[in-house]
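Participant: Below is one structure. I have some questions about it.
The values are calculated or read from the model by the stated rules, or taken from the named source; none is laboratory data. This one's a predicted model, so the numbers in the text were calculated from it and none came from an experiment. Backbone-built Cβ (ideal geometry, glycine too); neighbour counts: all protein chains shown. Surface areas here come from the heavy atoms of the whole protein model, side chains and all, with no ligands, DNA or RNA. Shrake-Rupley method; radii C 1.70, N 1.55, O 1.52, S 1.80 Å.
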Amino acid sequence: MLPRTILPGAIIGVLGSGQLGRMFSLAARQLGYRVHIYSPDSDSPAGQIGDVEIVAPYEDLDRVRAFAQSVDVVTFEFENVPSATSAAAAEIVPVRPDGLVLHTTQHRLREKQYLSNHGFPVTPFRRITSQTDLQSAVSELGLPAILKTASFGYDGKGQQRLVSADQLSTAFAQLRGVEGILEACVDFDREISVVAARGLDGAFEPFPVFENTHAHHILDVTIAPAGISDRLARDAVDLARGVLDALQVVGLLTVELFVTRKGTLLVNELAPRTHNSGHLTIDACVTSQFEQQLRAVCGLPLGATTLRAPTAMANLLGDVWLASGGTPNWTAALSDSSIKLHLYGKSVPRAGRKMGHLTATAATPALAVQAVRAARDRLVN
Ligand code: AMP
């Protein structure tokens, strides 16, 4: 029997309650769906927008089952949801993308192993469970290298850059007994991402390739379209299609890639969901990444992803609040009428915490970047 299409009016369950869930909920409400949010946090970015906010631990499987009973489909905005949580929900309603996608992508080693077993190009890596593993991995991969925790890592959390052999014992101790992964440090030309959707019928719809710059391992600015050749953009999209097909994704998945100085592609990481680099799709594309996730998990036809104009996005971290004495100068930032402001409803700004973003649309990608950076600078002046 073909899975039924989940039509407007139905209830979508979201595991996780951050800004991705918030922007998803806004899109879902626009299309006439209701949204129930499940996470351990209260007054969360997504909970403020959803119809119902359930505050409970992911490990409380009875609450998870009761949540699943109240909705028509479950999706997630946070991939570190335990496998048992998505499995409990899947006993009752479809979970999209499914538990296998979550399981593969929430653990760096498992993900890299999966990608390399399926012939996708990845950064050279080694599993680290002892100091001896680390020593032999460093002698094989060389320095500099990056030591990461295998699980619960994002935005550079749990990452250490190793440049000399004296760092090894301290770095290993910092893993605090959890499994690690050592990656060769890629001397990349640039970083790009492909956010793409795959429907219930296998239809594949990528967004234009985005170009990303990071500061302190956290995404700083995204530009669309990426400044790469059409051929490389096609290769990146083909690679993403291969990954979504191999994993049989129903929903959205993001492939983060390095473009090496030789012009080849290496997968850095997968995210089985909408992505920070895709935030500009709200203002720049015919369909946003959030609406696309909704369409994919509901079995609706996927929307067009055409870029209306060159666009750039700049993240607003808590640092902006700290640097501006508590209240950023919104009026100054918005004095350029091409600037769009998105805030996530977080009340406590902390250094490195994603509080919102700005987007600018312009005649060229370079002008869009210039405008969005200038607007962000004006917030603290
Ligand atoms: P991740 O959390 O793994 O996506 O890492 C965040 C950022 O750190 C990446 O987007 C890169 O800018 C940088 N990074 C991570 N791994 C590597 C690597 N193996 N080589 C060079 N840079 C890296």
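Participant: Which values of log₁₀ I(q)/I(0), to two decimal places, follow from the Debye formula for the range 124-184 at q = 0.16, 0.22, 0.23 Å⁻¹ with a uniform point scatterer at every Cα?
Facilitator: Relative scattering, expressed as log10 I(q)/I(0), comes to -0.39, -0.77, -0.85.
Participant: When the distances between all Cα atoms of the range 11-95 are binned every 10 Å from zero, what whole-number percent does each bin get?
Facilitator: 22, 59, 19, 0
Participant: Rounded to the nearest whole Å³, what is the per residue volume of the convex hull around the Cα atoms of the chain?
Facilitator: Enclosed volume per residue, from the Cα hull, is 143 Å³.
Participant: While we're here: Tell me, what is the FRET efficiency for THR5 and ASP60 to the nearest 0.05, using R0 = 22 angstrom and their Cβ-Cβ distance as r?
Facilitator: 0.10
Participant: Please work out how much length the chain gains when fully extended from ALA173 to GLN370, using 0.36 nm per residue of separation minus the C-alpha to C-alpha distance, in nm with one decimal.
Facilitator: Residue separation times 0.36 nm, minus the Cα-Cα distance, leaves 66.7 nm.
Participant: Which value, in Å², gives the accessible area per residue of the range 261-301 when a 1.4 Å probe is used on the protein heavy atoms?
Facilitator: Solvent-accessible surface per residue comes out at 27 Å².
Participant: Now a separate question. If each Cα of the range 300-373 is one equal point scatterer, what is log10 of I(q)/I(0) from the Debye formula at q = 0.22, 0.25, 0.26 Å⁻¹?
Facilitator: -0.97, -1.11, -1.16
Participant: Please give the calculated 222 nm ellipticity per residue for the chain, where each DSSP H segment of at least 4 residues contributes -39500 (n - 2.57) and the sum is spread over every residue; nearest 500 deg cm²/dmol?
Facilitator: Theoretical 222 nm ellipticity from helices: -9000 deg cm²/dmol.
Participant: Given labels modelled 7 Å from the Cα in the Cβ direction, how far is it in nm from ALA215 to ARG29?
Facilitator: For the pair ALA215/ARG29, the computed spacing is 3.1 nm.
Participant: So if I take the centroid of the Cα atoms in the range 199-215 and the same for the range 339-359, what is the distance between those two points in Å?
Facilitator: For the range 199-215 versus the range 339-359, the Cα centre distance is 23 Å.
Participant: With every protein chain kept in the model, how would you rank TYR344, TYR114, TYR58 by accessible area, 1.4 Å probe, largest at the top?
Facilitator: Largest accessible area first, the list is TYR114, TYR58, TYR344.
Participant: For LYS262, which lysines qualify as cross-link partners when the Cα separation must be under 29 Å and same-chain residues fewer than eight apart are set aside?
Facilitator: Cross-link targets: LYS112, LYS148, LYS157.
Participant: Taking 0.36 nm per intervening residue step and subtracting the Cα-Cα distance, what contour gain separates ALA84 from ASP187 on full extension?
Facilitator: Stretched fully, the ALA84-ASP187 segment lengthens by 33.3 nm.
Participant: Moving on. Which residue fluctuates the most in the chain, going by a Gaussian network model with Cα springs under 10 Å, if the choices are GLU179, GLU79, GLU211?
Facilitator: Highest fluctuation among the options: GLU179.
Participant: Next question. Mind jotting down a quarter of the surface of the convex hull over the alpha carbons of the range 78-199, in square nanometres, one decimal?
Facilitator: 9.0
Participant: Taking the square root of 5 times each eigenvalue of the Cα gyration tensor, what semi-axes in Å does the equivalent ellipsoid of the range 91-163 have, largest first?
Facilitator: 28, 14, 11
Participant: Right, another one. Between VAL163 and ALA351, what FRET efficiency comes out of the Förster formula 1/(1 + (r/R0)^6) with R0 = 22 Å and r the beta carbon distance, rounded to 0.05?
Facilitator: Result of the calculation: an efficiency of 0.35.
Participant: Which of rounded, prolate, oblate describes the range 240-341, given a ≥ b ≥ c as roots of the alpha-carbon gyration tensor eigenvalues and a/c under 1.5 marking rounded, otherwise prolate only if a/b is larger than b/c?
Facilitator: prolate
Participant: Can you give the relative contact order of the range 124-184 as a percent, counting alpha carbon pairs under 8 Å and 6+ residues apart?
Facilitator: 52
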